[in-house]
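Structure record follows, encoded as structure tokens.
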Amino acid sequence: MPFVRRRPLLRAAVVGGGAYMAGKHMANAQADQQSQQAQQTQQAQQAQQAPVPAPRAGGPSMADQLNQLADLRNQGVLSDDEFAAAKAKLLGS
């Protein structure tokens, strides 16, 4: 009975297992990235839907409200276009 070397089979199993783990890692990383993008989109939609409070007696001044909008833009909650729209609404133009 001839001696059969099984190293090619073992090597194929190791390579296949490594490829499986690499693919699994990439799929998990992609799912995490999609989750983060979905959260950012949801936060942007919520910020866009939130009404800008109108100035009232005894309330925050227009400068305070503009500073709040600028802070939201700097934090990445509002895009530049959303910031411009909210600022125009606040200023009444």
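Once the Cα-Cα distance is subtracted from the 0.36 nm per residue extended length, the residue 81 to residue 7 segment shows a gain of 20.5 nm. Computed from phi, the 3J(HN,Hα) profile of region 78-89 under the Karplus parametrisation 6.51, -1.76, 1.60 (θ = phi - 60°) reads 10, 7, 4, 5, 5, 4, 4, 5, 5, 5, 5, 5 Hz, with x in place of Gly and Pro.
Summing Lys, Arg as +1 and Asp, Glu as -1, what charge do residues with Cβ under 13 Å from the Cβ of residue 18 carry, residue 18 excluded?
Details: positive: 11, 24; negative: none.
Neighbourhood net charge equals +2.
Values quoted throughout were computed directly from the atomic coordinates according to the rules given, and no laboratory measurement underlies them. Quick caveat, the model's predicted, so the values are computed rather than measured. Note: ideal-geometry Cβ built from the backbone for every residue, glycine included; neighbour counts use all protein chains shown.
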